[in-house]
Amino acid sequence: MQSDNILEMKKISKIFPGVKALDGVDFNVKKGEVHCLIGANGAGKSTLMKILSGAYTEDEGEILFDGKVLKPHGTQERRKEGISVIYQELSLFNDLTVGENVYVNNFPKTAAGAVDWKKVYDNTQKLADNLNIKINARAKVSSLNIGQRQLTEIMKALACDAKLIVMDEPSSTLSQSEFEILVKVIKDLKEKGITIIYISHHLEELFIVGNRITVLKDGKFVVCKRTDELNENSLVEYMTGITISQIETEETEVHKVSEEVVLELKDMSNYKVSNINLALHKGEVLGLYGLVGAGRTEILQSIFGLAPITGGEMYLQGEKVNIKDTQDAIGHKIGLAPESRKTQGLVLMLPVWENMSMVALSKFKKNGIIQYKDINEECKNYKEMLNVKTPSVNTITQNLSGGNQQKVILAKWMMQDCDILLLDEPTQGIDVMAKEEIYKLIREMTNMGKSVIVVSSELQELLRISDNIHVMYDGKQIMSSNKASFNSDQILHASVVGRIA
Ligand SMILES: Nc1ncnc2c1ncn2[C@@H]1O[C@H](COP(=O)(O)OP(=O)(O)OP(=O)(O)O)[C@@H](O)[C@H]1O
Ligand SMILES: [Mg+2]
């Protein structure tokens, strides 16, 4: 083994029924580097890392770690070797404290054999302090924000003396400021000689954190280069196999929005937001921007009957309405595609087609009889349109990659016959190419006369797709602007400081 490689995965293959998830992949990581692993949804990134962690066993290939060949064995053993994987979906116990979670696999014991709680909390606090992480070791995980939970996972890895930490899409749910903290922590870990494998769909991040990048495509190794030898365009080319000039240039023209107001909020307040005023027009994409926690999701909740309106009014087609619950909202042809794919929206044990069609079922009834053939057709269409990578719509949803599951959720809500569609972080965890498809689909829907409200933490995305953007800060609406006058600096500034510069 070359002395500077801490990890060498050689000719790794893994087959699932109907899918060759990995096909002879080579993956080498140098000691102390941040190595980014990228590829489109379903390329095989998580599978490769699950093989490394011992959660899956490779069908073929060999793994060398820290100078020795790893025998096929489980996650406990791999953790003892110094390999820690933080998965796309975090695995913390919400009802336990930070310290309990950090040491859950190896509680320090007193001489008498009992758990040494003082040590648990002292050591956890020391780990936090060493990384300049502001977390109370005795706090319940349920009280932490997503960023702090991520950091708790990192501390958990360190408590097991990890030499290599894998972060599978750590940033997909982080706010900008949480991401900046993560970047600092990664830098500190690197200085301590810890090796990091970093998976993300946000290509710009790779150039901030990474030393080298390996690209996978359809389960195969494509390239491994230093970040300074690459740029975003060349990465997209490696990921897709298409040269950038072949990719459609983005639409920038100002879209014509009808005068007809389909939804209006007048001084609307609920448990989180106050005095919201907005008008959604027929065929409009309205963007809600703001930091995580600014109240964007809560606006959608009230429109969809999930959070009672405590002040002000809501109008649909000029008529005052009082949406009592989600059934009522759906009856008014409003649809909500919620944020957070793991907790809301999918029954993982059901096939893709059932997940896609469950909300829209009534649309497929003819004379009271559900037309399964039509469902099948439409699901196949959406599979094509959103490029859902799965052998068939009959595949169990659990077997799809993270990003492809997200696309199924989106299809489910887009398939529903609604006039107003509320999308909360619709492209979280979705690769750059599929994002384009989703933007196109949103535009097609508005061309058909539907109206869409999109909540997103990615300003570039909103600037791209919205006709109007409202900026939220701390439960208040502080700015709105239309496509002709979008100014990204101004919007960003407003969202951070809470007023217009
Ligand atoms: N347990 C499983 N059973 C069947 N197929 C699976 C299983 N796990 C993964 N796959 C398939 O293997 C392929 C690779 O999936 P993987 O999760 O590794 O992709 P990924 O690169 O992590 O994608 P994403 O960016 O969407 O998270 C996909 O086609 C997926 O559907
Ligand atoms: Mg994945």
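The values are calculated or read from the model by the stated rules, or taken from the named source; none is laboratory data. Since the model is a prediction, treat every value here as computed from it, not as a measurement. Using ideal geometry, Cβ is built from the backbone for each residue, glycine included, and neighbour counts are taken over all protein chains shown. Ligands, DNA and RNA are excluded from the accessible area calculation, which covers all protein heavy atoms including side chains. Shrake-Rupley method; radii C 1.70, N 1.55, O 1.52, S 1.80 Å.
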task = Find the Rg to Rh ratio for the stretch 261-497, where Rh is the Kirkwood radius over alpha-carbon pairs and Rg uses the same atoms.
result = 0.97
inquiry  = Quick check for me: using +1 on Lys/Arg Cβ and -1 on Asp/Glu Cβ, what's the dipole size of the chain about its Cα centre, in debye to the nearest 20?
reply    = 1320 debye
note = Stretched fully, the stretch from K380 through D328 gains (0.36 nm per residue minus C-alpha distance, one decimal, in nm) 15.8 nm
ask   = Considering the dipole of the stretch 340-432 built from charges on the beta carbon (Lys and Arg +1, Asp and Glu -1) around the Cα centre, which of I420, Q406, Q371 is farthest to its positive end?
value = Q371
query = For the chain, with every protein chain kept in place, what is the accessible area per residue (1.4 Å probe, Å²)?
reply = 45 Å²
key: log₁₀ of I(q)/I(0) at q = 0.06, 0.09, 0.10, 0.13 Å⁻¹ - the chain, Debye sum with one point per alpha carbon   = -0.30, -0.69, -0.85, -1.34
ask   = Can you give the extra length, in nm with one decimal, that the chain gains between A484 and S269 once fully stretched, where that is 0.36 nm per residue apart less the Cα-Cα distance?
value = 74.5 nm
message = With θ taken as phi - 60° and the coefficients 6.51, -1.76 and 1.60, list the Karplus ³J(HN,Hα) couplings across the stretch 444-455 in order, rounded to whole Hz; mark glycine and proline as x.
response = 4, 5, 6, 5, 8, x, 7, 10, 10, 10, 10, 9
ask   = Want the number for N136 to I242: 0.36 nm per residue separation, take away the alpha-carbon distance, what's left?
value = 33.4 nm
inquiry  = Could you tell me the relative contact order of the stretch 5-246? Use alpha-carbon pairs under 8 Å, at least six residues apart, and round to a whole percent.
reply    = 27 percent
note = proj_area_mean for the stretch 5-246 (convex hull on C-alpha atoms), units nm², value 14.1 nm²
request  = List the residues whose amide H sits under 5 Å from the amide H of S200, counting only those 5 or more places along or on another chain, with H placed 1.01 Å from N in the peptide plane.
outcome  = L37, E169
ask   = Taking only C-alpha pairs under 8 Å that are 6+ residues apart, what is the relative contact order of the chain in percent?
value = 15 percent
remark   = Mean separation of Cα contacts under 8 Å (at least 6 apart) over the residue count of the stretch 276-433, i.e. the relative contact order in percent, is 26 percent
query = Can you pull the percent of the chain's accessible area that's carbon plus sulfur, 1.4 Å probe, other chains left in place?
reply = 48 percent
ask   = So what's the gap between the Cα centers of the stretch 143-172 and the stretch 69-119, to the nearest angstrom?
value = 12 Å
ask   = Check L336: other-chain or 5+ apart residues with amide H under 5 Å from its amide H, H built from backbone geometry?
value = L422
The stretch 294-392, dipole about Cα centre (Lys/Arg Cβ +1, Asp/Glu Cβ -1), debye to the nearest 20 = 280 debye
Cβ-based charge dipole, the chain, positive-most Cα from I469, L92, V496 = L92
